[in-house]
1. Go through Ile119, Ile163 for me and flag whichever is within 30 Å of Leu30 (Cβ to Cβ) and either at pLDDT 90 or above or crowded, with 21+ Cβ neighbours inside 10 Å (or both).
2. Would you pick out the residues in the stretch 77-106 that are out of contact with any Asp or Glu (no Cβ under 9 Å at 6 or more places or on another chain) and under 15 Å from Gly156 (Cα atoms)?
3. Does Arg189 meet the test of being touching a residue at least 24 places away in the same chain (Cβ under 8 Å) and open to solvent by 90 Å² or more (accessible area, probe 1.4 Å)?
4. Residues that are outside any helix (DSSP H, G or I) and open to solvent by less than 90 Å² (accessible area, probe 1.4 Å): does the stretch 58-66 have at least one?
5. Confirm whether Arg104 is of a type in the set (Lys, Arg), in contact (Cβ under 8 Å) with a residue 40 or more places away in the chain and surrounded by fewer than 20 Cβ atoms within 10 Å (Cβ to Cβ).
6. How many residues does the stretch 47-57 hold that are open to solvent by 40 Å² or more (accessible area, probe 1.4 Å) and not in a helix (DSSP H, G or I)?
7. Can you say whether Thr109 is farther than 22 Å from Arg154 by Cα and open to solvent by 40 Å² or more (accessible area, probe 1.4 Å), as far as the supplied structure shows?
8. Any residue at all in the stretch 77-96 that's of a type in the set (S, T, N, Q), open to solvent by less than 50 Å² (accessible area, probe 1.4 Å) and out of contact with any helix residue (DSSP H, G or I) (no Cβ under 6 Å at 6 or more places or on another chain)?
Amino acid sequence: MADTKEKTTPSVPLEEEQQEIMKLVTVFTLQGAALAYLFGRDPGTLPDDIVKELAPSIVVVCGFLISYEFCDVMSVGMAKGRAGILEQTYRDLPVKEDQEVYFRQRVLTNQLEQMPLFIVGTFLCALLVNGTIAGIMSLAWVVLRRMYASTYKRGGGMKLKQIGIAKFTIPCYFLCNTMVAAAGIQAIRGYLR
């Protein structure tokens, strides 16, 4: 049986999708190379004071994890409580989830999806490239992610495209992937020296 719903978002052919991904990989690699060459320490060396070098990143990551727990994880539970979901059995759950619960669950899930890249990228960049730069970039990421969460949670009644979360998520992808690329390039430079 054919789907009678009209598609409003065109699908992207696989070849085009792969080309776009390769363009992004190139951009992240170039940005990472610029970061490693312009701000990185001598390849193959560690910071003289590792604690001092990692401290800005540790503070930022810890702050984000605490905000994630209180603002994202707990807010899903509170939204479920307001929607009466906690009083239901699995069988009794509605087919269509309450909008507030759905949006808060999406925020939580998306934060979790980005967390490994953010945490690993931050610490590798701080250790191998530059702790101050990694701290600044990770702080920018955290501010954008908190803005993303706040905007998404207030998106009730809007179409998903109208909520405007891409203006937060896209820069976050650039920040994290640039830190990861810079750390990878710096590791290669250290290995080859």
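1. Just one listed residue meets the conditions, Ile119.
2. Correct list: Lys96, Glu97, Asp98, Gln99, Glu100, Val101, Tyr102, Phe103, Arg106.
3. no
4. No, the stretch 58-66 contains no residue that is outside any helix (DSSP H, G or I) and open to solvent by less than 90 Å² (accessible area, probe 1.4 Å).
5. no
6. Within the stretch 47-57, residues that are open to solvent by 40 Å² or more (accessible area, probe 1.4 Å) and not in a helix (DSSP H, G or I) number 2.
7. Answer is no for this residue.
8. no
The values are calculated or read from the model by the stated rules, or taken from the named source; none is laboratory data. Owing to the predicted nature of the structure, the values given are computational and were not obtained by experimental measurement. A quick note on method: Cβ atoms are made from the backbone with ideal geometry, for glycine too, and the neighbour counts reach across all protein chains shown. Quick note on the areas: whole protein, heavy atoms, side chains included, nothing else; ligands and nucleic acids left out. Shrake-Rupley method; radii C 1.70, N 1.55, O 1.52, S 1.80 Å.
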